[in-house]
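Here the structure comes first, spelled out in structure tokens, and everything after it is commentary.
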Amino acid sequence: MNVEASGSAADRLSSALQDESSSNRLASALAAGTRPDPSYVEVLVRRCAVEPDFFVRDMLTWALLRHPTSKTVPRLVYEVGDDGSQARSQALHTLSKIGDPRGWAAISAELLRDPDDDVARSAWRTASGLVPAGEEAGLAEELCAQLGRGSPETQRSLGRAFAALGEVALPPLEARSADARSGVRIHAAASAALVRDPEANFDGLLADAERADEAAR
């Protein structure tokens, strides 16, 4: 396919992804993944940043997965630096789905502490899946700074990130058992229990940790 044709195809895709109908946008994203074209990558990434429908965003991610990682990963790493929270979150989500080690370049301490919970959750999941061998302990220590943060859903996401890291996460988690903040102690205890039993129900572990913390006071 020549450059002119590729550009024309990308323009048509861009226009189709702005259709008022979410069903039509979903069909366009599906078509972009079914018949991949390198010129689509920029269009798909940019649409991820603004697409309001969850199911369409999920299909956009699938379409990106169908394209060469040599094209998608560098563009997504760049997107993680965008000012928009949805752009950052969706780019991280897609990097975690791709699973390419080069995606680790997008992870920073600032990102792991992002004030937007959706971005932070995506960063934790991506980081725990892409962390290079030998850097797991450092990541676990950094993640411990987020203990006690946010809603049960956010705390569950962080617990799963620790579970993905495995036993290397236990020492820093156990070190938080004496933290002055009860929320940190409870979240650390529940996360450590999840590391030991990744199939356990985190909400139940959190409730158990709350009861144990109250009993110890």
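The values are calculated or read from the model by the stated rules, or taken from the named source; none is laboratory data. Model, not experiment: these values are computed from the prediction. So basically every Cβ, Gly included, is an ideal-geometry build from the backbone, and we count neighbours across all protein chains shown. Calculation scope for accessible area: heavy atoms of the full protein, side chains included, ligands and nucleic acids excluded. Shrake-Rupley method; radii C 1.70, N 1.55, O 1.52, S 1.80 Å.
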Consider ALA120 against the criteria (1) of a type outside the set (Ser, Thr, Tyr); (2) part of a helix (DSSP H, G or I); (3) at pLDDT 95 or above; (4) not assigned by the TED database to the domain that holds VAL77: it satisfies all of them except one. Which criterion is unmet?
(4)
For ALA31, indicate whether it is open to solvent by less than 40 Å² (accessible area, probe 1.4 Å) and closer than 24 Å to ASP118 by Cα.
no
Quick one: which of ARG176, ARG196, ARG211 is under 14 Å from ALA163 (Cα atoms) and open to solvent by 30 Å² or more (accessible area, probe 1.4 Å)?
ARG196
Among the residues that make up segment 209-217, is at least one of them assigned to a helix (DSSP H, G or I) and either under 12 Å from CYS144 (Cβ atoms) or touching a Leu at 6+ places or on another chain (Cβ under 8 Å) (or both)?
no
Report yes if some residue within segment 77-89 is of a type in the set (Lys, Arg), surrounded by fewer than 17 Cβ atoms within 10 Å (Cβ to Cβ), at pLDDT 95 or above and outside the structural domain of GLY138 (by the TED database); otherwise report no.
no
